[in-house]
Amino acid sequence: FEAFGDYSRIELFKSLRNTAVKSGPDGLNDLAAFIRNSTGALNTGALGASPSQQAFERGWLFFSPRYTRASLALVADAFQGGFRGQQARQTFAQMLTGGAVIYIGVATALNQPIKLDPRPKSDGGNGAEFMTVNIAGQNIGIGSFWTSFVRLVAAMGTTAADDPALFASPSTKDNPIM
């Protein structure tokens, strides 16, 4: 598994190296950070997390803490300027487009409704059925940090528009962050 990731990181570097160099003095460092974050290779030890904290996160907090942190770092990168921000924004646009096209094609081929509204069902959206198809009574979808993140942002947006006070609620039912 790691060999495939290493190979993809090397090829990404080779394909973007010249563009990064032309972007300015921090171009290669920005490229390295972008590749690390976009491929889930964030080193939690280099961030200062102790081995016991890393073990706790793997065992109890996250299914895949390095991937989750790298994905969150890529989200943060999208709000930056320069080469790193540009690459993060381009990656989001391409992932969104590619994922939506594949999903729409699969749903259409299976003659199933297209579910692209990430809002909770209680607010008129597709909720957990966002970007899924039904196969033998089970909802099957792309599923990843990214689909969960889109659903979280949609729920937070709906809550902010409808009743912002719910962000202070300790209820896991009412507070979209809980």
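The values are calculated or read from the model by the stated rules, or taken from the named source; none is laboratory data. Bear in mind that the values here come from a model prediction, so they are computed numbers and not experimental data. Cβ sites come from the backbone with ideal geometry, for glycine too, and all protein chains shown count toward neighbours. Note: areas computed on protein heavy atoms with side chains; ligands, DNA, RNA excluded. Shrake-Rupley method; radii C 1.70, N 1.55, O 1.52, S 1.80 Å.
List the relative contact order of the stretch 101-178 as a percent without decimals, with contacts defined as Cα pairs under 8 Å and 6+ residues apart.
Dividing the mean separation by the residue count of the stretch 101-178 yields 20 percent.
Could you work out [θ]222 nm for the chain from helices alone, using -39500 (n - 2.57) per DSSP H run of at least four and dividing by all its residues? Round to the nearest 500 deg cm²/dmol.
-18500 deg cm²/dmol
Averaged per residue, what accessible area in Å² does the stretch 61-138 show with a 1.4 Å probe, protein chains only?
Per residue, the stretch 61-138 has an accessible area of 58 Å².
What distance in nm separates the two pseudo spin-label positions at residue 58 and residue 28, each 7 Å out from Cα along the beta-carbon direction?
3.2
Considering only 114, 164, 153, whose Cα is most displaced toward the positive end of the charge dipole of the stretch 95-171, charges sitting on Cβ of Lys, Arg (+1) and Asp, Glu (-1)?
Sorting the options by dipole projection puts first 114.
About its Cα centre, what dipole magnitude does the stretch 1-127 give when the only charges are +1 on Lys and Arg Cβ and -1 on Asp and Glu Cβ, stated in debye to the nearest 20?
About 80 debye.
Given an 8 Å cut-off on Cα distances and at least 6 residues of separation, report the relative contact order of the chain as a percent.
Computed value for the chain: 12 percent relative contact order.
Run the reach check for residue 121 against aspartates and glutamates, Cα to Cα strictly under 18 Å, same-chain hits fewer than 8 apart removed. What comes back?
By straight Cα distance, residue 121 reaches 129, 162, 163, 174.
Starting from the Cα-Cα distance between residue 119 and residue 13, subtract it from 0.36 nm times their residue separation and give me the gain in nm to one decimal.
34.5 nm
Counting only protein chains, not ligands or nucleic acids, how are 75, 106 ordered by accessible area (probe 1.4 Å), most first?
Highest to lowest solvent-accessible surface, that is 106, 75.
What whole number of Å gives the distance from the Cα centroid of the stretch 144-178 to the Cα centroid of the stretch 55-110?
Here the answer is 19 Å between Cα centres.
Could you pull out the chymotrypsin sites (Phe, Trp or Tyr not before Pro) across the stretch 41-85 that fall in loop regions by DSSP (anything but H, G, I, E, B) with no more than 15 other Cβ atoms inside 10 Å?
Within the stretch 41-85, the qualifying chymotrypsin sites (Phe, Trp or Tyr not before Pro) (loop, at most 15 other Cβ atoms within 10 Å) are 62, 63, 79.
Between residue 167 and residue 109, what FRET efficiency follows from the Cβ-Cβ distance if R0 is 45 Å, with the result rounded to 0.05?
0.65
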